[in-house]
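The values are calculated or read from the model by the stated rules, or taken from the named source; none is laboratory data. As the structure is a computational prediction, the values presented were derived from the model and not from experiment. For neighbour counting, all protein chains shown are included, and Cβ atoms are generated from backbone atoms with ideal geometry for every residue, glycine included.
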Amino acid sequence: MSKAWSIVECMKRSGLLLVATSIVLTGCQGVLLTYKGAKVRDAYLIALTDGTQKSASYQSPDLTIKYQWVRSGNELQLSGLAKFTPRIENNFSRIPSFLLSVFFTDAQGSILEDRGIPTPGSDDPNNQLRFSEKLLLPPGTANMAFSYSGQACGGGGADGSEDMYFWQIPIVR
């Protein structure tokens, strides 16, 4: 199958997903998915202390994020660079959708709020995604945790699959 045909098939599947999502959301008006109140796994919590700039790295099977943050009272300046791991880079030709989020939690790890972090759109899994946001923190914020979801297309998987959905939502079930 040609690369152009794979891209067309991926676009068709993405379109069908969009239509299905629209139907579900229309049928569930007023009921939005929220993680508020859920508990984040301790290993994913990043303590947000006031003071000087801090730098760290987040690693998952799909993504590496090198980030910096400074907290000043109820404001957080968060910036960094997200890069897909070889699992995504080497096996797929397109990333038609990707959403990076951050959970703000209290001292016990219960989610107070979740926020999407805008990243520049890129279909190329080899591109790095820069982000920089100034965020207002909800009262009682002690920690943050990263979360993400996305779709990779154009793979030539041994199992015959060409698309893959990937995510990490570090909540306790």
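Some notes on this structure:
- Top-ranked residue of the range 85-101 - restricted to ones that are out of contact with any Phe, Trp or Tyr (no Cβ under 6 Å at 6 or more places or on another chain), surrounded by 15 or more Cβ atoms within 10 Å (Cβ to Cβ) and of a type in the set (A, V, I, L, M, F, W, C), ranked as nearest to L137 (Cα to Cα): F98
- The residues on offer are A47, A82, A38, and the sole one that is hydrophobic (A, V, I, L, M, F, W, C) and surrounded by fewer than 15 Cβ atoms within 10 Å (Cβ to Cβ) is A47.
- Residues in the range 38-56 include at least one that is in contact with a Lys or Arg (Cβ under 6 Å, 6 or more places away or on another chain), at pLDDT 65 or above and among the charged types (D, E, K, R).
- Single residue of the range 132-146 satisfying the filter (in contact (Cβ under 8 Å) with a residue 60 or more places away in the chain and in a strand (DSSP E or B)) that is farthest from E89 (Cα to Cα): L136
- Any hit, the range 13-35, residues being under 26 Å from V172 (Cβ atoms), at pLDDT 90 or above and part of a loop (DSSP other than H, G, I, E, B): yes
- Within the range 50-66, considering residues that are assigned to a loop (DSSP other than H, G, I, E, B) and exposed (fewer than 14 other Cβ atoms within 10 Å of the Cβ), the one nearest to the chain's Cα centre (by Cα): P61
- The set of residues in the range 90-124 that are closer than 22 Å to T49 by Cβ and of a type outside the set (V, I, T) comprises S101, F103, F104, D106, A107, Q108, G109, S110, L112, E113, D114, R115.
- Top-ranked residue of the range 142-151 - restricted to ones that are within 13 Å of the chain's Cα centre (by Cα) and surrounded by 19 or more Cβ atoms within 10 Å (Cβ to Cβ), ranked as farthest from S79 (Cα to Cα): Q151
- Taking residues in the range 63-76 that are in contact (Cβ under 8 Å) with a residue 12 or more places away in the chain, and partners anywhere that are buried (at least 20 other Cβ atoms within 10 Å of the Cβ) and of a type in the set (G, A, S), the pairs with Cβ atoms closer than 8 Å and at least 6 places apart or on different chains are L63/A82; T64/A82; I65/G80; I65/A82; K66/G80; Y67/G80; Q68/G80.
- Restricting the range 67-120 to residues that are under 13 Å from the mean Cα position of the chain (by Cα) and outside any strand (DSSP E or B) leaves a set whose member that is farthest from D163 (Cα to Cα) is P118.
- Selection over the range 102-131 of residues that are within 18 Å of K83 (Cβ to Cβ), surrounded by 15 or more Cβ atoms within 10 Å (Cβ to Cβ), of a type outside the set (S, T, N, Q) and without any contact (Cβ under 8 Å) to a residue 24 or more places away in the chain gives a count of 0.
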